[in-house]
Every structure is written in structure tokens, then in C-alpha cells.
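Encoded as C-alpha cells, the structure appears first; notes follow it.
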Amino acid sequence: MKLPAFPVILSILLVAFAPVIRADQTPEQFEVPVTAPEGLKFLLSLPDGYEADKEKAWPLMVFLHGAGERGDNLDLVKVHGPPKRVEAGEKFPFILASPQCPAGSWWSDEPVLELIDHLESTYRVDKTRIYLTGLSMGGYGTWHFATKAPKRFAAIAPVCGGGIPYKMQFIPHLPVWAFHGGQDSVVPLDESARLIKILRKNSNSGAKLTVYPKANHDSWTETYDNPELYKWFLSKSLTPNQ
């Protein structure tokens, strides 16, 4: 039986004009010129006794400020949180490092973990007792860096912050104490509540959330004025299997 001419001609044309598909892949590289070294300005407070005992390693607390304190004026970092208390004369029994986020940037874009590397290599830091805390934008930063480096911190305390729910799977072991205002109109309470709920569901039964029912966005003043927060931090340390 003779095939129709038209389908045969169409098949030949399709083969003749079909694009050539390469089976191989070529290695390529994209480069961006580096215009300036990466780094952060920070405030540093050393505990009483640091210079006297040259052998002792000390706990380290890293504090991340909020969006309003960004820039290149370190005095802004003293407005809230632990740096404010140090400025008022309080003595903490740990090394306190308070970096400043550059104007227009966010903590997730800054080398906070590299700053901790620097502190560990420069000062006598007890690597099993590194704590992270921050407020508002710094609260988001606290969640971010805890999930990015889940074995780095002995405990975290994010204040009126938030994070990515699925990343809570990375910190089922981490002591977490979150704080939030019940009337927060800037960062909704659910930003903290949903993360604590997921952590508890994922076997982190110690994760806790303190809510100030009448507080708006400023849930940090009462938080950082509470000596129980610092006692809680200092009671936490990494165990050998973490």
C-alpha cells in the first residue's frame, strides 16, 4: 500500500529544520568585583575580672539592635537593650558585643557570624556559652542566625521578631525564650507565637514565649530590664553532642 505523499514530506521537513540539541554542558563563572572589605562596627563590654584572670574563658552575648539604630553612629546602639544598661553603669558577668547594622541594610545581609569568629579569636570566649538576642529587626536577625548556625548558640532570646517557620526544624534542641507585646502594631504577635508553636510541636518543649498583654512594639524595655533573662542565659551551655 502506497503512503500518502504529504505526511512523508512533512516528516522530512520537521527533521531537517529541528534545532540541534547539545548533550554537553560547559562550565561558566560569574564574578562581581569586590569594592570594599566586609565588616561591622560594634560596641564591646568586657566583664569585671576579665583582665585579672588571664586563663578564664567568659560567656559571650551578642545583641542585635532594631531598624532605627542603623547607620554609622555607634551611640545609637546604646539607646536600647543591654548596651543601654551598660551605659547606665550596669556590670554584666559576660562579654557583650553589640554590632551596628549599616544604613539601609538588614541583619540577614551582615557578617554577624564572622564577627563572632573574630571575637572568639581575639578574646577569651567560652565557645559553649554564646548567646544571641535582639529586638524588632534584631529579633528577626536572632531567628535568622540561629537557624543558619544551629550548633553555634547555647540559647537565644528574640524580642518582637519573627522568622521562617520551616527553618524551625533546624533548632529543635535550642533553648529559646521569645518576647512580644500583645498589642504590637508593627510586628504582629503571631510572628513569634507561630514559631514557638512549631518548636514545641517539633519536640522543643522548653521553647517559651512571654507576652506583655498591654505592650505595643516596645516589648524590649521590660525584657532587658528583667534580671531573670540574664540568669536564664547564663544557665545554658552547649553539651558535647550538640
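Can you tell me which residues in the range 146-174 are of a type in the set (A, V, I, L, M, F, W, C) and in contact with a strand residue (DSSP E or B) (Cβ under 6 Å, 6 or more places away or on another chain)?
Ala146, Phe153, Ala154, Ala155, Ile156, Ala157, Val159, Cys160
Quick grid of which residues meet (1) aliphatic (A, V, I, L, M); (2) free of Cβ contacts under 8 Å to residues at least 60 places away in the same chain; (3) farther than 23 Å from Asp184 by Cβ:
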{"residue": "Pro83", "(1), (2), (3)": "no, yes, no"}
{"residue": "Leu96", "(1), (2), (3)": "yes, yes, yes"}
{"residue": "Gly104", "(1), (2), (3)": "no, yes, yes"}
{"residue": "Arg152", "(1), (2), (3)": "no, yes, yes"}
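Can you give me the ranges of the strands (runs of 3 or more DSSP E) entirely in the range 55-136 with at least 1 residues that are hydroxyl-bearing (Ser, Thr, Tyr) and either modelled with pLDDT of 95 or more or surrounded by fewer than 24 Cβ atoms within 10 Å (Cβ to Cβ) (or both)?
Because the criterion is at least 1 residues that are hydroxyl-bearing (Ser, Thr, Tyr) and either modelled with pLDDT of 95 or more or surrounded by fewer than 24 Cβ atoms within 10 Å (Cβ to Cβ) (or both), the strands (runs of 3 or more DSSP E) in the range 55-136 that meet it are 95-100, 125-135.
Is at least one residue of the range 158-174 under 18 Å from Pro59 (Cα atoms), modelled with pLDDT of 95 or more and among the aromatic types (Phe, Trp, Tyr)?
No.
Considering only residues that are of a type in the set (S, T, N, Q) and in contact with a strand residue (DSSP E or B) (Cβ under 9 Å, 6 or more places away or on another chain), look in the range 175-195 and name the one that is nearest to His217 (Cα to Cα).
Gln183
Does Leu13 satisfy the criteria of being at pLDDT below 95 and in a helix (DSSP H, G or I)?
Answer is yes for this residue.
Specify the residue that is surrounded by the most Cβ atoms within 10 Å (Cβ to Cβ); the eligible residues are those in the range 17-54 that are modelled with pLDDT of 80 or more and basic (Lys, Arg).
Lys41
List the residue pairs whose Cβ atoms are under 7 Å apart, where the first residue sits in the range 195-222 and is within 23 Å of Pro82 (Cα to Cα) and free of Cβ contacts under 8 Å to residues at least 40 places away in the same chain, the second is part of a strand (DSSP E or B) and of a type in the set (Val, Ile, Thr), and the two are 6 or more positions apart or on different chains.
Every condition considered, the pairs that remain are Ala207/Val176.
Looking at the range 226-238 only, could you name the residues that are of a type outside the set (A, V, I, L, M) and in contact (Cβ under 8 Å) with a residue 12 or more places away in the chain?
Tyr230, Trp232, Phe233, Lys236, Ser237
The values are calculated or read from the model by the stated rules, or taken from the named source; none is laboratory data. Keep in mind it's a predicted model, so treat the numbers as computed, not measured. Methodologically, a virtual Cβ is constructed for each residue, glycine included, from the backbone with ideal geometry; neighbour enumeration extends over all protein chains shown.
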